[in-house]
Structure formats: structure tokens, C-alpha cells
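These notes concern the structure reproduced below.
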Amino acid sequence: MTPTSLPDPVQRTEHFDVLDLGTLPYRDAWDIQHHLHAEVAAGARPTLLLVEHPAVLTLGRKAREGENIVVTRDYLAGQGIEVLEVERGGDVTYHGPGQLVVYAIFPVGRRVRDFLRLLEDATVQALHSLGLEDARPNPGYAGVYLSPRDLNGLERQQKIASIGVAVKQHTALHGIGLNIATQLHHFDLIVPCGLQDTQMTSVQREYDLRGLGQSASMDAAKAALTTAFASVFRDYDFSLPASALHAAIPHPQSKESDA
């Protein structure tokens, strides 16, 4: 899939479109993000991208050396797991099958902290609707967590969603990785987000451990996230600063020349 062959929106809310990219390699989705980011930064409708990726590790701006990857690059290459440096904030994270990745290409301006809280709120609301009513933010840490769990006498935070964004031209890209039926053993390849006391979990793992007898559904998760975003961002200011729009419009005097 290329930026010129994007699917039609699966939903058009009052303020943003929702595109479902299915399963797509990270690099391809990254290209699509940048394509849409340029359009939104120039005044186009904001877009929420839903996608699954084949297994990949991404290094945020705090993780350029990859010190929280605990296996060799040769081992990862042998497993077919690519390692990419990306422009989002945060440390190392994993994306892979069974994880719903949500890229919110939304105007942000200078309200980055508020925007991150809204991403958390939407994820929490979606998880509540999926039956995990203890989903909550964890003050001081980006992401969404469930109630801590004892592991061999040690209390471990249970993290179910990672959040990291980049903001350029007053517009966000990247977003949320929500574990639905993720292959959690792949998180053993890293120290997730550089957090030593954290165990990654998923909707399916929680259903199983809680004896709920349910199967985690990717379609249900997509519907829950889309509904939650429409609710949480209902009163959000989607406008871009006038200075940003002015800069995005080409002017005759700014054309390239051979001089």
C-alpha cells in the first residue's frame, strides 16, 4: 500500500477520518504517516490510522543506542525483526501481530501534554468498554496500565498500552500501541520503554488470567478505540495556529529559482 492508494475511510467523525490499513510493514505505514502528516499540517482533515505491524522494534529519541534491547542485533535479524530509529518520544518498544497500533495525525500546537493525556483517556475508555475496568493512566509515565500483579514476591506494574508521539509543524504523528492478543514473549527482547519494574500484558492475557472465558477481538478493539476517540476528542480544538497554516501555503516569492 502506498500513500496514493490509501483505502477509503472506514468512518468519518465530525472532526477526523478513520483509516484501517490492515496489516502493513512498519516502514510502509511510516511513509503513509508522513504523507498524511504533511496534508494535515497544511489544513487537511485529521486522520486516525489503525494498523497491525509484523514484528519490529522501534527506538524513540531516548533510545538511540538501543541499550534496552537485551539480545544481539544478529539474533533479531535471524528472527526477522527489524530495528528502526524513529522520531517519536520515548525509549524502545515492540510492535507485532495482535497489537493494535493507532496513529493520530491530529493538530496539536503547543498542547503536547494535554494531547498525550487525551490519548491515554481514549485508550482507558476503550479498555473499559472491553471489560477491563481497572485500566488507568500511571502518573509520571506515558501509557495505560492495569492493576499491579505480584510476581514471585515482587509487585510488577502491568502495562497494556504504550504511547509515544512526535510533533512537527504543530501536528502529531505516531501514537498508541495497544496489546490485544500480542505475542508477549517478544517483549522479553527488550526492557519495555526502559521500565525495569513493568510487565507487559494484553487484553487476551487479562481475559485468561481473570477467567472471563472471552477471546480478544481485534475488530472489537478497533471499534472501541474509534468510539472512544470520537468521545474524548469531541470538544478538542482541531485548529492549527494561523502562523502554521501561513507557512504551509506556498507564495510566489518563495518559489525555487536557479539563481
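The values are calculated or read from the model by the stated rules, or taken from the named source; none is laboratory data. Only a predicted model underlies this, so the values are computations on that prediction, with no experimental measurement involved. Here the Cβ is made from the backbone with ideal geometry for all residues, glycine too, and neighbour counts use every protein chain on show. These area figures cover heavy atoms from the full protein model, side chains too; ligands, DNA and RNA do not enter into them. Shrake-Rupley method; radii C 1.70, N 1.55, O 1.52, S 1.80 Å.
Counting DSSP beta bridges in the chain, what percent are antiparallel, to the nearest 5?
Details: 35 of 47 bridges.
In the chain, approximately 75 percent of DSSP beta bridges are antiparallel ones.
In whole Hz, with x marking every Gly and Pro, tabulate ³J(HN,Hα) for the range 139-149 from phi via Karplus 6.51 cos²θ - 1.76 cosθ + 1.60, θ = phi - 60°.
x, x, 10, 6, x, 10, 10, 10, 4, x, 10
Just order 118-127, 139-148, 70-79 by mean Cβ neighbour count inside 10 Å, highest at the front, would you? Walk me through the numbers on the way to the answer.
Details: 118-127: 23.4, 139-148: 16.7, 70-79: 11.9.
Answer by packing, highest mean first, reads 118-127, 139-148, 70-79.
Treat every Asp and Glu Cβ in the range 40-145 as -1 and every Lys and Arg Cβ as +1, leave all other atoms uncharged, and give the resulting dipole magnitude about the Cα centre to the nearest 20 debye.
The calculation lands at about 480 debye.
Based on the alpha-carbon gyration tensor of the range 1-158 and its eigenvalue square roots a ≥ b ≥ c, which shape applies: rounded if a/c is under 1.5, prolate if not and a/b is larger than b/c, or oblate?
oblate
Alpha carbon centre of the range 91-158 versus the range 1-55: separation in Å?
Their Cα centres are 21 Å away from one another.
Extension gain His34-Arg111, at 0.36 nm per residue separation less the Cα-Cα distance, in nm?
Full-extension gain reported as 25.7 nm.
Please give the helix 112-129 orientation as an angle from the longest Cα principal axis of the chain, in degrees from 0 to 90, rounded to the nearest 10.
Tilt relative to the chain: about 50 degrees.
Leaving out ligands and nucleic acids, and using a 1.4 Å probe, what accessible area per residue does the chain come to in Å²?
48
Once every DSSP H run of n ≥ 4 in the chain is given -39500 (n - 2.57) and the sum is divided by its residues, what mean residue ellipticity at 222 nm do you get, rounded to the nearest 500 deg cm²/dmol?
Computed ellipticity for the chain at 222 nm equals -8000 deg cm²/dmol.
Expressed in nm to one decimal, what extension gain is obtained for the pair Val83 and Met1 from 0.36 nm per residue of sequence separation less their Cα-Cα distance?
Full-extension gain reported as 27.4 nm.
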